[in-house]
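Colleague: Quick one: this structure, given as structure tokens, is what I'll be asking you about.
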Amino acid sequence: MNRTRFFVVLLLAIGSALTAINPGMAQGGSALAALILNGDFEGPFYTYGSGQVAEYWVPYDYNLGPSSPQYLRSTLYKHDGAASQQIWSDGVAWYAGIMQTTVLTSGPSGARIQAGYYYTVHVWTHSVYARIGSPVQDGKVQKRVGIHPSGGTNPQATAVVWTPWHGQDKVWVQINARVLASGSRLTVFIEAKDEKSGGQDQFYIDGVWLEQEGVRTPTPTRTVVPTVAPTPTATPAIETLSPLNVGGQPQGIGVFPDADCFFVANRAANTVTRLEGFFDWRQTKFPSGGQQPGNLVVDPDQCRMYVANVATNNIAVFNVCAGRQVGSVSLGDGHSPDGIAVLTTTNTIYVANAAANSVSAVSGDTLAVTTTISVGSRPGQIAVNPNTNKVYVTHRGDPPGVSGGVTVIDAIAQSVSKTIDLSATAVISAPEPYGIAVNPVINRVYVASNSGKLVIINGENDEVIRVVSPPVPGGLDAVAVNPASNNVFVSATVGNKVFVYDADMDQWTIYTLGVGPGTPRGICINPLTHHVLISNPSSGTVSVIRDFGFYQPFKVWLPIQLR
């Protein structure tokens, strides 16, 4: 899938203005119906694996069978309009669904979820067991609808209120779920279970809308004790899920968003772990193409992955679609490659050589080093902006603890255009920077420093906008930004913590997330599924975080071109 379309799908408006013009608005005719987006499935679909999922809906899979079902935009069976959401598999048992958390408000109408009111979600469903044209066999494909009363995103949570299972075959059935809201959001889950495949078993979803019932449930009178109002935060619920055991001192992480899979470099095992799934993640391991893999990057446009192997000073090249290594690039003895990034606009891979104080530029076409660029002492991580063709490299400097900065490389000229001083003597100081991330949508650069500062840089002029300290004082290491929510995730060097900075509100959120023991080393985000993965080397695990910031209605995203 072309990344232009991928990011346009992600960044289309959630806000009220675009909600009003979205052709995929939920049915129901009332303002309340607008709280569920694309509920009639007439709006856009985004690529998910080998199929498609309706925009604003998030797929999930319990992994009942050996492989996941396929999600499709279907025009074969639909209750109304031109399309529906299909989930199906051929000859394999499966148990999967889709979910959506309601927005806070429907815009000018002001409709919103209110705690203490009853709400009913109506869903049209259709299932086909065995194949189209086969006899009716009720009870084979079971489907149901659930609602979380406060917007939780785990369908296995005990708070979810589920309807009974419905097993009618080859007929449209409306399923209605009712819940008493306990917060300002609801999450709707629609799922089907096919425990014994009859062949080409299919599940269709169409016409999802929401209604409010009755009057507010009375609450007992209580004594009001004055309290200090909490600082408002724009970030909705963010949660840490169960860690994944991958072993081998996991380090850097890369993501192939279209295929919904992550890749983790296992430094001690000389392997790479491929992770796929939603709840029960599936793992496969393969050699890293060298020794002591530290960091890696995935280029979905070329279907490639590049792995930086520290001990053997090489970049191993893999075709991730074919599942095999296709090349290796030698960087020379004593380079100790660290950070790595790919600039898709020029098909160039950039590698920070920690021991050589340089950056190697590698052509993705010839798999050869085209130029070596001198940067500051002890370069660390690299980030790129495909909109501006800039490459950003952190360098920790010497002596440690008081030196460091960010080198900006012009990718067209292949030369340094600016060096941003962050040393202890700089006007704005944040010594020993390491982690770095770019949000190309708003052209901001985020730098995490071991001196305990998050540096925010304006990508237009590469000037520091501000420096902020984390909620808990201490060093910072890795950083990643979700362009769909504008939430910045930053790991602490001690305390097994990850902080979340809301770049829209310019403040830290209330979330300090616990992860595995030891210092987290890598952070990677899939903006399509909003999974945030954190590597924990000392425990051999990867922590999984869910970021649902994109549901905030007051964030209006405009379509842009991102290659």
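FYI, it's all coordinate maths here, none of it is from the lab. Treat the numbers as computed from the prediction; the structure is a model and nothing was measured. A quick note on method: Cβ atoms are made from the backbone with ideal geometry, for glycine too, and the neighbour counts reach across all protein chains shown.
Colleague: Order these peptides, 156-163, 300-307, 518-525, 429-436, by their mean beta-carbon neighbour count within 10 angstrom, highest first.
Modeller: Descending packing order for the listed peptides: 429-436, 518-525, 300-307, 156-163.
Colleague: In nm, to one decimal, how far is the modelled label at Val92 from the one at Asp138, with both set 7 Å along Cα→Cβ?
Modeller: 3.1
Colleague: Can you pull out the chymotrypsin sites (Phe, Trp or Tyr not before Pro) in the range 470-537 that DSSP calls coil and that have at most 16 other Cβ atoms within 10 Å?
Modeller: Answer in residue order: no site qualifies.
Colleague: With just the Cα atoms defining each centre, how far is the range 302-355 from the range 427-461? Give it in Å.
Modeller: 24
Colleague: I would also like to ask the following. Pop a pseudo-label 7 angstrom from the Cα along the beta-carbon direction at both Glu239 and Ala322 and give the gap in nm to one decimal.
Modeller: Distance between label points: 4.2 nm.
Colleague: Find how much the distance from Gln283 to Asp421 grows on full extension, using 0.36 nm per residue of separation minus their present alpha carbon separation; answer in nm with one decimal.
Modeller: Extra length from Gln283 to Asp421 when fully extended: 45.5 nm.
Colleague: Follow-up question, since we're still on this one. Going down the list Lys193/Lys285; Lys285/Lys497; Lys78/Lys140; Lys143/Lys285, which pairs span over 31 Å between their C-alpha atoms?
Modeller: Where the Cα-Cα span goes over 31 Å, the pairs concerned are Lys143/Lys285.
Colleague: A follow-up question, please. Could you list Asp90, Asp169 so that the one with the fewest beta carbons within 10 Å of its beta carbon is first and the one with the most is last?
Modeller: By the 10 Å Cβ count, ascending, the order reads Asp90, Asp169.
Colleague: Exposure proxy check: Met505, Met99 ranked by fewest other beta carbons within 10 Å? Walk me through the numbers on the way to the answer.
Modeller: Numbers: Met505 14, Met99 19.
So the ranking, lowest neighbour count to highest, is Met505, Met99.
Colleague: 7 Å from Cα along Cα→Cβ at both Tyr117 and Ser363: what's the point-to-point distance in nm?
Modeller: 6.3
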